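Chemist: First the structure, then my questions, so here it is.
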Amino acid sequence: MLDATAKERLLAMYDSPDPDRPGRGIEGYDRDHAERTTRIVQLVAKAVGLHERWLPDLEATTLLHDLGRVGMDAELFGKVFAIAQEIGLPIRIRDLRAAFPQVTEAQAPDFFIARLKPALDQRGIALTPQVREHILMRMDFKGRLRRELRRREPDLAALGVTVKPWMEKVMLYYYYPQDMAGESDEVRLMGMLLVACENFEAYNNRRRGKDYYGRRDEQLRQVFIALDRFERDGLVSPKVMAALKRLTASGALDAIMKESRGYAPGRPLPPADLAFQKELAASSV
């Protein structure tokens, strides 16, 4: 497993230069999300019985999984995709291609932009390179992630981290589940673990909820209503969901949830969440 210094150096890869202050950096928006997700993934991986030989590479995979969004301005990201939702345009590549089967993966970014541009124009938002890059953070997440991983290869090598092909597929599983075809059961399981755990963190994340999900607060019942959709769609297995629910019910994830929500030290979970944990515990008996 990575030591604390190596983990910090991997997480620093989410940071970007500050154009207004040469030599200074802007902390990456997804940095804390990636760190918390990694802790959740390790707990759930052990709960589902993933062999320990996979855990070091899975740790690096999870820490790096959102590098495809380096440089994200959360306000701009939220604004662009909120407009897309307003006009009924699917905001994830797999949903876009399901709605428009004739659109290939390579065509998806330009197709999305062509459909979105009139709505941007109406709102006085120019299609600048920055806006386009933010669109690509979802519509070409694969390309952005691969470019960032290539750019970081020397830094990764210095830390003894090699991103194997299967690790990249795990990082991309949420947006590109079809790329898992032919992979081993263990690799597919790790893809499912990442999808379930990163979304568990995201749906508990106050900053994300405020910035681009439009949530007023985070409620554990609503978190699992959202997560259950991934199981229905076959993106996450019942085994993974059951393990995540057991850990949630036991309180093993309470500290991470509170961090995600920005709770002050010592603040308990709301009564509704505690009641839902009891429901989860009863249903898993």
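No value in this document is a laboratory result; all are computed from the given coordinates. Not measured: the values here are computed from a predicted model. A quick note on method: Cβ atoms are made from the backbone with ideal geometry, for glycine too, and the neighbour counts reach across all protein chains shown.
Chemist: What is the one condition in (1) small (Gly, Ala, Ser); (2) part of a loop (DSSP other than H, G, I, E, B); (3) under 18 Å from the mean Cα position of the chain (by Cα) that Gly209 does not satisfy?
Modeler: Among (1) small (Gly, Ala, Ser); (2) part of a loop (DSSP other than H, G, I, E, B); (3) under 18 Å from the mean Cα position of the chain (by Cα), Gly209 violates only (2).
Chemist: For the subset of the stretch 197-206 comprising residues that are in a helix (DSSP H, G or I) and in contact (Cβ under 8 Å) with a residue 60 or more places away in the chain, which member is nearest to the chain's Cα centre (by Cα)?
Modeler: Glu198
Chemist: Got a sec? Which of Leu50, Leu55 is part of a helix (DSSP H, G or I) and not acidic (Asp, Glu)?
Modeler: That would be Leu55, the only listed residue that is part of a helix (DSSP H, G or I) and not acidic (Asp, Glu).
Chemist: Follow-up question, since we're still on this one. Could you grab the pairs with beta carbons closer than 6 Å, sequence gap of 6+ or different chains, first residue in the stretch 155-171 and farther than 14 Å from Arg9 by Cα and touching a residue at least 60 places away in the same chain (Cβ under 8 Å), second one assigned to a loop (DSSP other than H, G, I, E, B) and not acidic (Asp, Glu)?
Modeler: Pairs found: Met171/His65.
Chemist: Output the number of residues of the stretch 236-269 satisfying the condition of being surrounded by 15 or more Cβ atoms within 10 Å (Cβ to Cβ), part of a loop (DSSP other than H, G, I, E, B) and in contact (Cβ under 8 Å) with a residue 12 or more places away in the chain.
Modeler: Counting residues in the stretch 236-269 that are surrounded by 15 or more Cβ atoms within 10 Å (Cβ to Cβ), part of a loop (DSSP other than H, G, I, E, B) and in contact (Cβ under 8 Å) with a residue 12 or more places away in the chain gives 4.
Chemist: What number of residues within the stretch 180-195 satisfy the criterion of being surrounded by fewer than 23 Cβ atoms within 10 Å (Cβ to Cβ) and under 17 Å from Thr62 (Cα atoms)?
Modeler: Here the count works out to 6.
Chemist: Would you say Gly234 is over 20 Å from the mean Cα position of the chain (by Cα), among the small types (Gly, Ala, Ser) and at positive phi?
Modeler: Here the answer is no, as Gly234 does not meet what is asked.
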